[in-house]
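Here the structure comes first, spelled out in structure tokens, and everything after it is commentary.
The values are calculated or read from the model by the stated rules, or taken from the named source; none is laboratory data. Since we're looking at a predicted model, the values are computed, not measured. Counting neighbours? That spans all protein chains shown, and the Cβs are built from the backbone with ideal geometry, glycine included.
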Amino acid sequence: MTESKTSSKEYILDAAGQKLGRIASETAMILRGKNTPAFKPNAISGNTVKIVNAAQIDLAPVKMEKGYKRYSGYPGGQKVEKRGKLIARKGFKDVFEKAVYGMLPANRLRKRLMKNLTIEE
């Protein structure tokens, strides 16, 4: 069996003035390693992504009204929190994490890939 040598890199993305979805999709692509010719869908690339100036993203007022849903499993247990309230309560870090998490494949690698993401406001 041959071992493949993966070169891990650290990428720094500046979010100032950019849209949330554009930064999140680029981050998800880099975390998976799809920007390198040695991409393997079943392996972690080892790339780390650092997003700086997260609080300076271009977020329209209409997008602040979008709600994040969660469900407890009990009748009447569905809760909706608007993005503006989430930012006021926890900051922009959670908004970026939710966006990138949703763009990664829903498999066992997703949580391990998210550990390679750091966000600075």
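Search segment 80-97 for residues being touching a residue at least 12 places away in the same chain (Cβ under 8 Å) and either assigned to a loop (DSSP other than H, G, I, E, B) or of a type in the set (D, E, K, R) (or both), and hand back the single one that is farthest from residue 20 (Cα to Cα). Checked segment 80-97; the qualifying residue farthest from residue 20 (Cα to Cα) is 81. Is there a residue in segment 49-59 that is modelled with pLDDT of 95 or more, on the phi > 0 side of the Ramachandran plot and touching a strand residue (DSSP E or B) at 6+ places or on another chain (Cβ under 8 Å)? Yes, because at least one residue in segment 49-59 is modelled with pLDDT of 95 or more, on the phi > 0 side of the Ramachandran plot and touching a strand residue (DSSP E or B) at 6+ places or on another chain (Cβ under 8 Å). Condition first: buried (at least 16 other Cβ atoms within 10 Å of the Cβ), assigned to a helix (DSSP H, G or I) and either modelled with pLDDT under 95 or touching a Phe, Trp or Tyr at 6+ places or on another chain (Cβ under 9 Å) (or both). Can you find one or more residues in segment 100-108 that meet it? The answer is no; no qualifying residue exists. Scanning segment 36-47 for residues that are surrounded by 12 or more Cβ atoms within 10 Å (Cβ to Cβ) and of a type in the set (Lys, Arg) turns up at least one hit. Restricting attention to segment 60-90 and to residues that are of a type in the set (A, V, I, L, M, F, W, C) and within 16 Å of the chain's Cα centre (by Cα), the residue that is farthest from residue 10 (Cα to Cα) turns out to be 86. Hey, can you tell me all the residues within segment 60-79 that are small (Gly, Ala, Ser), touching a strand residue (DSSP E or B) at 6+ places or on another chain (Cβ under 8 Å) and part of a loop (DSSP other than H, G, I, E, B)? Hits for segment 60-79 are 72, 77.
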